[in-house]
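Some notes on the structure that comes next.
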């Protein structure tokens, strides 16, 4: 009886350790690059968005017609904020609301392509 109990305990321990085995990581999705455009203060603002799965990993914005020192600040600062938040639900850059909104709209347009 003792041998049977010991054998049963050992078998249960083996099965419980098997349940604790490390899972294989899911296959990572390939990064996609998407492009979107929206009307800014001085003209079109174009963004290139890189996504991996549902995560925004990079945003690049170009708006050559935006006002230097105002709209250009949004073009420089906002993409990093969007990547950090993994969302376009971020505050506009002060003084550059129109350009900020254009960047967020362009990113949303790009993400709609997914």
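Every read-out reported here was derived from the displayed coordinates using simple, explicitly stated rules and does not represent laboratory data. Quick caveat: nothing in here was measured; it's all calculated off a predicted structure.
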Contact order normalised by residue count of segment 32-111, Cα under 8 Å, 6+ apart, percent: 38
Note the angle between two axes, namely the Cα long axis of helix 71-85 and the longest principal axis of the Cα atoms of the chain, as a number of degrees from 0 to 90, rounded to the nearest 10. 10
Expected 222 nm ellipticity per residue - DSSP helices of 4 or more, -39500 (n - 2.57), all of the chain, to 500: -14000 deg cm²/dmol
Nearest 10 degrees, 0 to 90: what angle lies between the long axis of helix 97-111 and the longest principal axis of the chain (Cα atoms)? 50
Of (1) 13.8, 46; (2) 13.1, 39; (3) 25.0, 87, which is the value of Rg and Dmax of the Cα atoms in Å derived from the coordinates here? (3)
The helix 2-19 Cα axis meets the longest alpha-carbon principal axis of the chain at an angle in degrees, between 0 and 90 and rounded to 10, of 10
